[in-house]
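Any read-out appearing in this document is the output of simple, stated calculations on the displayed coordinates, not a laboratory observation. Bear in mind that the values here come from a model prediction, so they are computed numbers and not experimental data. Cβ placement follows ideal geometry from the backbone for every residue including glycine, while neighbour counts extend to all protein chains displayed.
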Amino acid sequence: MRLRAVEHGHRLAQRLKLLLIRVVSMRRVPDVVKTLLYRPEFFGACTPGRFPLLPLLNRAIAAGLVRARVHRGEWCDVGTPERLASLDARLRALQ
């Protein structure tokens, strides 16, 4: 499953939410949407195709199954095919 944000970046509504959080908190906001990792069991009995993630996330949060951590190491934004290709070229040049 590929997330839409990986292919096309965030939708306007998500970009505005992240901007609002940054303005209100006066802190840089980590771009957490692109760093979500799901275990297969998270999707349970979902059928292939499009479906909203929010009900699944709410259920997992209520069950105490959602965790997060701040990554302080090196990070590279590969949120578009062009950025991913750029990183791939840089890594190949190191080999």
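Please go through the range 31-95 and write out the chymotrypsin sites (Phe, Trp or Tyr not before Pro) that DSSP classes as loop and that have at most 12 other C-beta atoms within 10 Å.
Of the chymotrypsin sites (Phe, Trp or Tyr not before Pro), the ones in loops of the range 31-95 whose Cβ has at most 12 other Cβ atoms within 10 Å are W75.
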**Item:** the range 83-95 - phi-based ³J(HN,Hα) in whole Hz, Karplus 6.51/-1.76/1.60, Gly and Pro as x
**Value:** 5, 5, 5, 5, 5, 4, 5, 5, 5, 5, 5, 7, 6
**Request:** Give the order of S25, S86 when sorted by the count of other beta carbons within 10 angstrom, beginning with the fewest.
**Result:** S25, S86
**Item:** Loop sites in the range 34-95: GluC sites (Glu not before Pro), DSSP, at most 10 other Cβ within 10 Å
**Value:** E74
